[in-house]
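These notes are about the structure you will find just below.
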Amino acid sequence: MDAIDRLKRDNAQYLWHPMAHPKAMKAEGSRPDIIARGEGCWVWDIDGHKLLDGVAGLWSSNLGHSCKPVRDAIVAQLDELPFFNTFRGTTHPRAIEASRALVELMRPDGVAAVLFSNGGSDAVEGALKLARQYHKLRGHKDRTKYIALRQGYHGVHFGGMSVNGNSNFRRAYEPLLPGVFHIDSPWLYRNAYTQDPEELGRLIAGQLEREIVFQGPDTVAAFIAEPIQGAGGVIVPPANFWPLVREVCSRHGVLLIADEVVTGFGRTGHLFGTRLWDVQADLWCLAKGISSGYIPLGATAISQAVADVFDADATGAGQVAHGYTYSAHPVAAAAALATMKLLVEQDIPGHVARVAPAFQQRLRDLKQRHAFVGDVRGHGLMLGIEMVADPATKAPLPKTSDLPARVARAAYRRGLMVRVSGANLILSPPLVISEAELDTLCTALEGAFDDAASEPVKT
Ligand SMILES: Cc1ncc(COP(=O)(O)O)c(C=O)c1O
């Protein structure tokens, strides 16, 4: 058995993969994509097959896979101080510098401070907990409930899983957190109400208000949502939705948590997704692009108004009884500092805003070419392609359909890595991708759809 075969065998035997059945890799004919090397926007699998990274690792490797300044910052930090904690009075220079850099980046959003953690699920957990604590500090101890959107994804911790809006991520681990309620997603392609975006925005913001009133505003801590729903299928809300949500939350004293784990740091063509909608949240969840995926890091950003309440506390109840051994890990903080510097110096959001419209437009044309493409949607460098059984009725693909997986396999053969999420193909390439590389991506994907269309459809 050669080294590659051994890796494949050991992968099946020893490694459980998130979001996969442990038996899946043991099945006859299953083949893992073992990604062995990366450079720029490209990766190579263990067999030497070269692929354009259409998923940026997992919405993460925004600066590509060989960003020397981030790599150098990491190596220098390993030489200087590989680890120390930030509990209580202890700290280290990189944590302090990264907190200042992030707050400065988010000053226009009204951010005052930041609580670091290790990833997106952590950042969500921090936001959910700080929201309750904020209300308790103000004497509103009954404000404990959360409202969230169907189709939302907020990670896998018990809090985040409870606000998730997709039963696939919930069922196996129920019962979840009590006091969590969901409203419809502002999803133009699939909703029971209207095909008019403005009307939909008003309707769903109205649902939020009715849910808050029904629960009793004095019992609701926060509403959490992604500025664009990512894992749920890249659902871009109508333009009036977030401004209306902001109004509703403010009217009822409910905190607005923006989960920017995917949309943060330039993916939408703006530094942060909430800027797309010209809205300031109260708490933000950040991860992935914060360190360009080089080292795990999460952050909960805290608005001035929320920070003021903690600052005003004289009882000690404002102590943040939450944090991880590796919160603000020095190596991760060094990676984040280098990432944020490049983000600004190279105007990465500006680059995304320039190259994304042609990319979005070209892939929208897939709808004209293939009857099984029901909807193509997205903004900036995030795009979802929803496949359907019948575009006229929008009848969903049967759950057993292997069509999305077949398109993904065809793309892989043509040298493009894409991601399947239910009936959707999701694309989120590195933000530094060039126009020529985007052209290569689109050509490979168009070819993959043609390949899949020419095979007999198995349902
Ligand atoms: C919007 C959003 N929130 C939270 C998370 C969880 O992040 P992590 O996987 O780093 O825990 C994700 C992950 O994709 C996400 O997309």
Out of all the residues in segment 1-36, which are small (G, A, S) and over 15 Å from A405 (Cβ atoms)? A3, A12, A36
Can you tell me how many residues in segment 376-424 are without any contact (Cβ under 8 Å) to a residue 40 or more places away in the chain, closer than 27 Å to G273 by Cβ and out of contact with any strand residue (DSSP E or B) (no Cβ under 7 Å at 6 or more places or on another chain)? 1
Could you list, in sequence order, all residues of segment 399-422 that are assigned to a loop (DSSP other than H, G, I, E, B), modelled with pLDDT of 95 or more and touching a Gly at 6+ places or on another chain (Cβ under 8 Å)? R414, V418
Could you say which residue among S291, S303 is within 16 Å of the ligand (Cβ to nearest atom), over 30 Å from D375 (Cα atoms) and open to solvent by less than 30 Å² (accessible area, probe 1.4 Å)? S291
Does S401 qualify as being open to solvent by 10 Å² or more (accessible area, probe 1.4 Å) and over 25 Å from the mean Cα position of the chain (by Cα)? yes
Of G415, G374, which residue is over 21 Å from the mean Cα position of the chain (by Cα) and buried (at least 23 other Cβ atoms within 10 Å of the Cβ)? G374
Answer with yes or no whether V213 is aliphatic (A, V, I, L, M), crowded, with 24+ Cβ neighbours inside 10 Å and out of contact with any helix residue (DSSP H, G or I) (no Cβ under 7 Å at 6 or more places or on another chain). no
Of the residues G29, G57, which is open to solvent by 30 Å² or more (accessible area, probe 1.4 Å), at pLDDT below 95 and small (G, A, S)? G29
Can you confirm whether V248 is within 16 Å of the ligand (Cβ to nearest atom) and either at pLDDT 95 or above or open to solvent by 10 Å² or more (accessible area, probe 1.4 Å) (or both)? no
For Y146, state whether it is closer than 25 Å to P238 by Cα and buried (at least 22 other Cβ atoms within 10 Å of the Cβ). yes
Would you be able to say whether some residue in segment 328-349 is open to solvent by 40 Å² or more (accessible area, probe 1.4 Å) and hydroxyl-bearing (S, T, Y)? no
Go through (1) among the β-branched types (V, I, T); (2) within 24 Å of T268 (Cα to Cα); (3) buried (at least 22 other Cβ atoms within 10 Å of the Cβ) one by one and return the number of the condition V407 breaks. (2)
Kindly establish whether G48 is under 19 Å from the mean Cα position of the chain (by Cα) and either under 23 Å from L431 (Cβ atoms) or open to solvent by 40 Å² or more (accessible area, probe 1.4 Å) (or both). no
Within segment 142-199, work out how many residues are of a type in the set (D, E, K, R), at pLDDT 95 or above and within 16 Å of the ligand (Cβ to nearest atom). 1
Does A356 fit the bill of being open to solvent by less than 70 Å² (accessible area, probe 1.4 Å), among the hydrophobic types (A, V, I, L, M, F, W, C), more than 17 Å from F449 (Cβ to Cβ) and free of Cβ contacts under 8 Å to residues at least 12 places away in the same chain? no
Of (1) open to solvent by 40 Å² or more (accessible area, probe 1.4 Å); (2) closer than 24 Å to T219 by Cβ, I96 satisfies every one except (2)
Of all residues in segment 381-398 being outside any strand (DSSP E or B) and closer than 24 Å to M417 by Cβ, which is modelled with the lowest pLDDT? L397
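Rundown of residues vs (1) in the same structural domain as D439 (by TED's automatic domain parsing); (2) charged (D, E, K, R); (3) open to solvent by less than 20 Å² (accessible area, probe 1.4 Å); (4) more than 16 Å from the ligand (Cβ to nearest atom), yes/no style:
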{"position": "I4", "(1), (2), (3), (4)": "no, no, no, yes"}
{"position": "P18", "(1), (2), (3), (4)": "no, no, no, no"}
{"position": "R37", "(1), (2), (3), (4)": "yes, yes, no, yes"}
{"position": "S61", "(1), (2), (3), (4)": "yes, no, yes, no"}
Have a look at Q280, Q229 and point out the one that is open to solvent by 30 Å² or more (accessible area, probe 1.4 Å) and touching a Ser or Thr at 6+ places or on another chain (Cβ under 8 Å). Q280
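The rows are residues; the columns are (1) farther than 30 Å from D122 by Cβ; (2) touching a strand residue (DSSP E or B) at 6+ places or on another chain (Cβ under 8 Å); (3) open to solvent by 10 Å² or more (accessible area, probe 1.4 Å); (4) in a strand (DSSP E or B).
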residue: Q151; (1), (2), (3), (4): no, yes, yes, no
residue: F181; (1), (2), (3), (4): no, yes, yes, yes
residue: N191; (1), (2), (3), (4): yes, no, yes, no
residue: E198; (1), (2), (3), (4): yes, no, yes, no
residue: R202; (1), (2), (3), (4): yes, no, yes, no
residue: A205; (1), (2), (3), (4): no, no, no, no
residue: D218; (1), (2), (3), (4): no, no, yes, no
residue: A222; (1), (2), (3), (4): no, yes, no, yes
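The values are calculated or read from the model by the stated rules, or taken from the named source; none is laboratory data. This structure is a prediction, so every number in the text was calculated from the model and none was measured. Using ideal geometry, Cβ is built from the backbone for each residue, glycine included, and neighbour counts are taken over all protein chains shown. Keep in mind that these areas ignore ligands, DNA and RNA; they rest on the heavy atoms of the full protein, side chains included. Shrake-Rupley method; radii C 1.70, N 1.55, O 1.52, S 1.80 Å.
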